[in-house]
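Peer 1: Sending over a structure as structure tokens; questions will come in a sec.
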């Protein structure tokens, strides 16, 4: 019995001696990755600095003044005021919390981005979802017929005069009159819109005309 007790005491001492190393795993610089630098668990929290739609990467300046580069894909959801939007609606200056995991290439990937404050909420002015532009304020104009509406994601498909199908994204920080018009949209409606072309088949709405 005394021999067993002695073995137990030696084992317990070795466990407690290893505690400092165990504590480091969840702290800054440990397995938490960005721990202590603007994160909460597996979240990266901070301000959107840059969005690269070609590489599908978002650069975030965390509250700890570090830079996090997060990958995303078509399944990544942007949540703002309990509604879902595509990543194209993010703007520089948006304050976000991004849930992060590692992809197959062991790079940081986010599947859910919660906008805590939009750049407009913070009194700033955004530069559009894609940061690859040069600050051009000129809007494009498109006429067409509404083919499909996804109210949950804040998008609709438009068939234009050249018979192209264009996916139109409604900004989550759009003015009330724009959101009211979007909520009244019906399939088959003919509309004229203005905004910015993100690509040949994607359009970022600014206003209904």
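The values are calculated or read from the model by the stated rules, or taken from the named source; none is laboratory data. These numbers were taken from a predicted model, which means no experiment stands behind them. Neighbour counts are summed over all protein chains in view; Cβ atoms, including those assigned to glycine, are modelled from backbone coordinates with ideal geometry.
Peer 1: Residue pairs, Cβ under 6 Å, 6 or more apart or interchain, first in the stretch 163-189 and in the same structural domain as residue 82 (by TED's automatic domain parsing), second surrounded by 11 or more Cβ atoms within 10 Å (Cβ to Cβ). List them.
Peer 2: That search, which allows pairs on different chains as well, returns nothing.
Peer 1: Looking at the stretch 35-75, which of the residues that are surrounded by 20 or more Cβ atoms within 10 Å (Cβ to Cβ) and outside any strand (DSSP E or B) is modelled with the highest pLDDT?
Peer 2: 72
Peer 1: Quick check on the stretch 144-162: of everything there that is in a strand (DSSP E or B) and without any contact (Cβ under 8 Å) to a residue 12 or more places away in the chain, which residue is surrounded by the fewest Cβ atoms within 10 Å (Cβ to Cβ)?
Peer 2: Result: 150.
Peer 1: At least 1 residues that are in contact with a helix residue (DSSP H, G or I) (Cβ under 8 Å, 6 or more places away or on another chain) and over 20 Å from residue 115 (Cα atoms) in each: list the strands (runs of 3 or more DSSP E) lying fully within the stretch 163-209 that qualify.
Peer 2: It comes to 190-199, 202-208.
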